[in-house]
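Okay, so here's the structure we're looking at.
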Amino acid sequence: DVKVTQSSRYLVKRTGEKVFLECVQDMDHENMFWYRQDPGLGLRLIYFSYDVKMKEKGDIPEGYSVSREKKERFSLILESASTNQTSMYLCASTPRVGGRNTQYFGPGTRLTVL
Amino acid sequence: GQNIDQPTEMTATEGAIVQINCTYQTSGFNGLFWYQQHAGEAPTFLSYNVLDGLEEKGRFSSFLSRSKGYSYLLLKELQMKDSASYLCAVRDRSGAGNNRKLIWGLGTSLAVNP
């Protein structure tokens with residue numbers, strides 16, 4: 001089975017802190033994604049990566065950056081956390097483009113910024 | 001533009017059948033996915049349609065009409081554990097993302113009552 005893990009299930013940070021969210025997948029997937037999910041707004045794509053060191057902005061990249069130094073690991077960085085970044089963060093991966101290659105999700109990190 | 005619409009909430013009775021509709025507008029349709037998401041958990045894959053017609057998988061079936069930009073998810077013999085949010089997502093080969101991104105609906109929250 002595909003396994004996507006995220007470093008924390010729950011995280012509480014203070015405004016202005018630098019926050020790292022880590023995601024690891026164990027199936028050699030090429031593509032990895034970071035989403036946030038908020039009530040009434042659904043899943044919104046922050047960034048995605050289709051190869052090591054490659055990244056593309058999603059729909060809401062402002063306030064975030066990402067890093068993919070190894071194929072299995074995709075990190076989301078909040079340079080200076082703000083209260084409006086309180087959300088559920090979901091990481092996903094998919095093996096290749098096209099076909100019925102679905103996105104496999106990690107369990108999510110619920111981040112609260114005080 | 002790109003857009004996905006699905007009802008916000010639905011209610012059904014245990015043992016009954018429910019149909020959740022999804023309409024979409026994309027310029028480069030290349031597949032439609034249905035996911036199930038229980039409260040506080042990550043989305044999990046349910047079904048995939050790329051050609052017109054019905055795909056059946058146990059109690060769940062999904063239908064697609066590309067000419068109408070329309071899909072539905074049919075859940076039979078409803079059980080209490082089917083209470084969840086159901087997300088419709090479309091893969092679009094046009095624009096940024098080159099077939100890697102999914103466009104997500106906001107989800108339909110289904111409540112199954114005894």
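The values are calculated or read from the model by the stated rules, or taken from the named source; none is laboratory data. These numbers come from a predicted model, not from an experiment. We place every Cβ from the backbone using ideal geometry, glycine too, and count neighbours over all the protein chains shown. Calculation scope for accessible area: heavy atoms of the full protein, side chains included, ligands and nucleic acids excluded. Shrake-Rupley method; radii C 1.70, N 1.55, O 1.52, S 1.80 Å.
Annotation note: Cβ proximity below 8 Å between a residue of segment B:1-23 that is farther than 15 Å from B:Gly107 by Cβ and a residue that is open to solvent by less than 70 Å² (accessible area, probe 1.4 Å) and acidic (Asp, Glu) (sequence gap 6+ or interchain) occurs for B:Gln2/B:Asp92.
If you check B:Tyr86, B:Tyr70 for being in contact with a strand residue (DSSP E or B) (Cβ under 6 Å, 6 or more places away or on another chain) and either open to solvent by less than 50 Å² (accessible area, probe 1.4 Å) or within 13 Å of another protein chain (Cβ to nearest Cβ) (or both), only one passes: B:Tyr86. Scanning segment A:38-53 for residues that are surrounded by fewer than 21 Cβ atoms within 10 Å (Cβ to Cβ), more than 9 Å from chain B (Cβ to nearest Cβ) and touching a residue at least 12 places away in the same chain (Cβ under 8 Å) yields A:Asp38, A:Asp51, A:Val52, A:Lys53. For segment B:48-114, the strands (runs of 3 or more DSSP E) that sit wholly inside it and include 1 or more residues that are over 14 Å from B:Asn21 (Cβ atoms) are B:53-57, B:60-65, B:84-92, B:102-104, B:108-113. Of the residues making up segment A:57-64, at least one is in contact with a Lys or Arg (Cβ under 6 Å, 6 or more places away or on another chain) and not charged (D, E, K, R).
Is there a residue being of a type in the set (A, V, I, L, M) and not in a strand (DSSP E or B) anywhere in segment A:82-96?
no
In this structure, B:Gln2 qualifies as within 14 Å of chain A (Cβ to nearest Cβ) and open to solvent by 70 Å² or more (accessible area, probe 1.4 Å). Regarding segment A:58-77, can at least one residue be identified that is in contact (Cβ under 8 Å) with a residue 60 or more places away in the chain, open to solvent by 80 Å² or more (accessible area, probe 1.4 Å) and closer than 16 Å to A:Leu21 by Cα? No; the residues of segment A:58-77 include none that is in contact (Cβ under 8 Å) with a residue 60 or more places away in the chain, open to solvent by 80 Å² or more (accessible area, probe 1.4 Å) and closer than 16 Å to A:Leu21 by Cα.
Name the residues in segment A:85-94 that are within 11 Å of chain B (Cβ to nearest Cβ) and surrounded by fewer than 22 Cβ atoms within 10 Å (Cβ to Cβ), would you? Answer for segment A:85-94, where residues must be within 11 Å of chain B (Cβ to nearest Cβ) and surrounded by fewer than 22 Cβ atoms within 10 Å (Cβ to Cβ): just A:Met88. Residue count for segment B:17-47 satisfying the condition of being more than 14 Å from every other protein chain (Cβ to nearest Cβ), surrounded by fewer than 19 Cβ atoms within 10 Å (Cβ to Cβ) and not in a strand (DSSP E or B): 2. Quick check on my filter: what residues within segment A:1-39 are closer than 17 Å to B:Ala42 by Cα and of a type in the set (Lys, Arg)? Across segment A:1-39, the qualifying residues are A:Lys3, A:Arg9, A:Arg36. Hey, does segment A:97-109 have a residue that's more than 13 Å from chain B (Cβ to nearest Cβ), in contact (Cβ under 8 Å) with a residue 40 or more places away in the chain and open to solvent by 30 Å² or more (accessible area, probe 1.4 Å)? No - not one qualifying residue is present in segment A:97-109.
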